[in-house]
Amino acid sequence: MKAYIFPGQGAQFVGMGKDLYEQSEQARELFEQANEILGFRITDVMFNGTDEDLKQTNVTQPAIFLHSVILAKTLGDFVPDMAAGHSLGEFSALTAAGALSFEDGLRLVAARANAMQKACEIQPSTMAAILGLDDFTVEDICKRISDVVVPANYNCPGQLVISGTISGIDKACELMTEAGAKRALKLNVGGAFHSPLMEAARVELEHAIVHTTINKPVCPIYQNIDAKPYTDPEEIKKNLIAQLTGPVRWTQTVVRMIEDGATSFTEVGPGNVLQGLVKKVDRAMPTASASIV
């Protein structure tokens with residue numbers, strides 16, 4: 001079975017999507033439509049901007065969404081048996097699979113980016129990558145800290161990103177290092193994504209999601225919040241809302257997709273970070289079998 005996976009924030013690079021724009025009339029029309037919907041020429045930033053311009057949350061998230069979705073629409077053989085996206089990538093997966101229209105998907109992603117930016121400004125917060133510890137140890141240390149610190153991204157065995165207040169993350173990094181972590185690295189991000197500190201963003205985005213039409217996708221979408229497959233529009237909405245303050249269970253998602261019959265994973269979007277994570281998850285399973293396309 002063919003699994004298609006869609007990357008999240010961090011996969012962006014200057015020049016992304018330019019080849020699609022130049023080589024495909026369909027892609028060009030969609031990019032220009034996006035410029036109108038967003039109210040600014042995001043293509044100028046994507047194709048010719050600076051790294052700093054592209055790192056702005058209100059640009060980064062729509063840019064990655066556009067690259068992923070437009071690439072999927074121009075792939076001649078895009079026939080997914082299952083799909084999943086990492087954080088922001090979940091919106092790309094849902095749009096590529098027909099659950100969201102192109103216009104609604106882009107508007108939701110823009111609303112999400114703006115809501116997250118506002119939440120970041122309410123309280124300074126951050127994230128850190130913890131390498132070389134098992135999930136249980138990371139979870140246990142997070143629970144022992146009085147400040148808000150939670151697991152945010154279960155990326156692959158031995159790689160978990162935590163999210164929380166700046167003082168909480170500083171303390172967590174110390175304790176993780178003492179517990180034997182190979183690295184406890186604070187990330188250059190604007191806030192504590194996928195944590196309770198995104199509650200204001202969740203409330204704002206909930207209104208937008210509730211009032212957006214979501215259709216049944218052409219294949220099951222394995223959602224971040226619990227790594228389970230969904231096709232029911234109301235359940236998909238509920239999970240999208242919960243995603244902002246809940247963890248991205250990517251390790252569990254890949255395991256579940258392989259157990260459910262995935263034999264190949266194709267990453268759709270900028271970069272190949274998710275391919276690397278899938279390989280690590282697959283190797284850690286009792287019987288490694290999935291191929292990466």
Inset, instruction - Just name the residue that is farthest from Gly190 (Cα to Cα) out of those in region 36-54 that are in a helix (DSSP H, G or I), in contact (Cβ under 8 Å) with a residue 24 or more places away in the chain and not charged (D, E, K, R). - result: Ile37
Inset, instruction - Run down Asn153, Asn239 and say which single residue is surrounded by 17 or more Cβ atoms within 10 Å (Cβ to Cβ), within 15 Å of the chain's Cα centre (by Cα) and free of Cβ contacts under 8 Å to residues at least 24 places away in the same chain. - result: Asn239
Legend entry - Single match in Phe136, Phe102, Phe91 (criterion: buried (at least 24 other Cβ atoms within 10 Å of the Cβ) and aromatic (Phe, Trp, Tyr)): Phe91
Legend entry - Selection status of Arg144, touching a Leu at 6+ places or on another chain (Cβ under 9 Å) and surrounded by fewer than 23 Cβ atoms within 10 Å (Cβ to Cβ): yes
Inset, instruction - Just give me the residues in region 94-114 being more than 12 Å from Pro80 (Cβ to Cβ), part of a helix (DSSP H, G or I) and out of contact with any Phe, Trp or Tyr (no Cβ under 7 Å at 6 or more places or on another chain), in sequence order. - result: Phe102, Glu103, Asp104, Arg107, Ala110, Ala111, Arg112, Ala113, Asn114
Inset, instruction - Would you be able to say whether some residue in region 76-89 is closer than 20 Å to Gln26 by Cα, part of a helix (DSSP H, G or I), hydrophobic (A, V, I, L, M, F, W, C) and out of contact with any His (no Cβ under 7 Å at 6 or more places or on another chain)? - result: no
Legend entry - Top-ranked residue of region 171-189 - restricted to ones that are modelled with pLDDT of 95 or more and part of a loop (DSSP other than H, G, I, E, B), ranked as surrounded by the most Cβ atoms within 10 Å (Cβ to Cβ): Ala181
Legend entry - Candidates Phe13, Phe31 - the one that is of a type outside the set (A, V, I, L, M), free of Cβ contacts under 8 Å to residues at least 40 places away in the same chain and closer than 14 Å to Val59 by Cα: Phe31
Legend entry - Candidate set: region 190-233, residues that are assigned to a helix (DSSP H, G or I) and among the acidic types (Asp, Glu); chosen: the one nearest to Met257 (Cα to Cα): Glu206
Legend entry - The listed residue being of a type outside the set (Asp, Glu), in contact with a Cys (Cβ under 9 Å, 6 or more places away or on another chain) and within 24 Å of Arg41 (Cβ to Cβ), out of Thr95, Thr74, Thr57: Thr57
Legend entry - Top-ranked residue in region 55-75 [being assigned to a helix (DSSP H, G or I) and of a type in the set (S, T, N, Q); ranked as farthest from the chain's Cα centre (by Cα)]: Thr74
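The values are calculated or read from the model by the stated rules, or taken from the named source; none is laboratory data. Here the structure is a predicted model, which means the values were calculated and not measured. Glycine also receives a Cβ, built like all others from the backbone with ideal geometry; neighbour counts cover every protein chain displayed.
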